[in-house]
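Structure, as structure tokens:
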Amino acid sequence: MPRKQKYPHLLGSKWTACQKTEGWRHFQVANRKQEGAWVFAELVASCDPTVRLWVNAKQLKNRSLWQPGWQPLSPPAPKVEEDIFWLN
């Protein structure tokens with residue numbers, strides 16, 4: 001009986017980096033490889049397919065580094081003038 005594959009849904013999944021990585025935040029898994037007990041994912045920037053990087057698939061579980069899916073950027077802070085208007 002074959003062994004169960006780790007991270008079976010990794011290929012094609014989309015991720016958002018919490019910090020800009022190689023100048024981009026949105027990535028998609030284009031390839032995976034297993035080296036012994038380690039599983040690696042090749043991430044490709046969604047807006048620039050020339051930007052590629054390999055990460056340990058375990059890092060994708062760290063929510064301080066990566067968020068699943070393509071998450072929107074945080075909204076800008078409200079303008080001070082609008083705050084003053086509503087307080088009057």
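Given the criteria modelled with pLDDT of 95 or more, exposed (fewer than 11 other Cβ atoms within 10 Å of the Cβ) and on the phi < 0 side of the Ramachandran plot, does Thr16 qualify?
Here the answer is no, as Thr16 does not meet what is asked.
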Confirm whether Lys58 is touching a Pro at 6+ places or on another chain (Cβ under 8 Å) and surrounded by fewer than 17 Cβ atoms within 10 Å (Cβ to Cβ). no
Check on Phe27, of a type in the set (A, V, I, L, M, F, W, C) and closer than 18 Å to Pro72 by Cβ: yes
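The values are calculated or read from the model by the stated rules, or taken from the named source; none is laboratory data. Being a predicted model, the structure only gives us computed values, none of them experimental. Virtual Cβ from ideal backbone geometry, glycine too; neighbours counted across all protein chains shown.
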